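Inspection log for the structure reproduced underneath, given as structure tokens.
Where a number appears in this text, it was derived from the coordinates with a stated rule and is not lab data. Nothing here was measured: the structure is a model prediction, and the numbers come from that model. Note that we place each Cβ from the backbone using ideal geometry, even for glycine, and neighbour counts take in every protein chain shown.
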Amino acid sequence: KNQVEQSPQSLIILEGKNCTLQCNYTVSPFSNLRWYKQDTGRGPVSLTIMTFSENTKSNGRYTATLDADTKQSSLHITASQLSDSASYICVVILSTDSWGKLQFGAGTQVVVTP
Amino acid sequence: SQTIHQWPATLVQPVGSPLSLECTVEGTSNPNLYWYRQAAGRGLQLLFYSVGIGQISSEVPQNLSASRPQDRQFILSSKKLLLSDSGFYLCAWSPARGGTGNTEAFFGQGTRLTVV
């Protein structure tokens, strides 16, 4: 069973609208959580990183939140653009892994339509 | 600045043929290196990781192998490809540290492998 669950699996959104993606994790001990954006056929690119003591982190129109108590994170996209169409992947990094093992979610496929 | 190169971008190979995918990192020393496979609709699956030259750890049993002949070179290989080896392969690197801390992982552009 994947220890990092993302929802929804996919969503379609009109250009200019907002959307929120969810990430729930069960892995521990937690070190930090990242959201990546992966364009089709390309490698993932980091959007945000948060440690367990941080509640929110913004990167332009992307805002990530983290609740370490409930082990939930969300990624909010504001005023979506066509270029936001991509897969968004939640990644949890465990503090016990000296070589930086990453726990990946399956991703949420976002399609922004005109 | 650090860069990661992965090639080829796409590859179509017949069943039973060998495979060699190469990944190189520039601008850093002694990186941790990773090979991932991504199936459609699935998360990235870690195949191999390496913390140094000649040091390879395998996460899942499979038809693939990895080697690290140089500090910043990571190679994914197979002697005989299977249909199930088709997928999107990603190489990644992260700074080597005692703890993960704020370890960042940087990905290559990926290789789309189709075994026919």
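For the stretch A:33-84, name all the residues that are in contact (Cβ under 8 Å) with a residue 24 or more places away in the chain and aliphatic (A, V, I, L, M).
A:L33, A:L47, A:A64, A:L66, A:A68, A:L75, A:I77, A:A79, A:L82
Of the conditions (1) more than 22 Å from B:F88 (Cβ to Cβ); (2) among the hydroxyl-bearing types (S, T, Y); (3) within 13 Å of chain B (Cβ to nearest Cβ); (4) surrounded by 13 or more Cβ atoms within 10 Å (Cβ to Cβ), A:T108 satisfies every one except a single condition; which number is it?
For A:T108, the failing item is (1).
Tell me, which strands (runs of 3 or more DSSP E) lie completely within the stretch B:7-107 with 3 or more residues that are without any contact (Cβ under 8 Å) to a residue 24 or more places away in the chain and closer than 28 Å to A:T40 by Cβ?
Working: elements: B:10-13, B:19-26, B:32-38, B:44-52, B:55-58, B:65-70, B:73-78, B:87-94.
Once the strands (runs of 3 or more DSSP E) in the stretch B:7-107 are filtered for at least 3 residues that are without any contact (Cβ under 8 Å) to a residue 24 or more places away in the chain and closer than 28 Å to A:T40 by Cβ, what remains is B:44-52.
If A:T40 passes every condition in (1) assigned to a loop (DSSP other than H, G, I, E, B); (2) over 28 Å from B:G108 (Cα atoms) but one, which one does it miss?
(2)
So which of B:G87, B:G54, B:G41, B:G27 is within 14 Å of chain A (Cβ to nearest Cβ) and exposed (fewer than 12 other Cβ atoms within 10 Å of the Cβ)? Break it down into steps so the answer makes sense when it comes.
On the way: B:G87 fails: exposed (fewer than 12 other Cβ atoms within 10 Å of the Cβ); B:G54 fails: within 14 Å of chain A (Cβ to nearest Cβ); B:G27 fails: within 14 Å of chain A (Cβ to nearest Cβ).
Being within 14 Å of chain A (Cβ to nearest Cβ) and exposed (fewer than 12 other Cβ atoms within 10 Å of the Cβ) holds for just one of B:G87, B:G54, B:G41, B:G27, which is B:G41.
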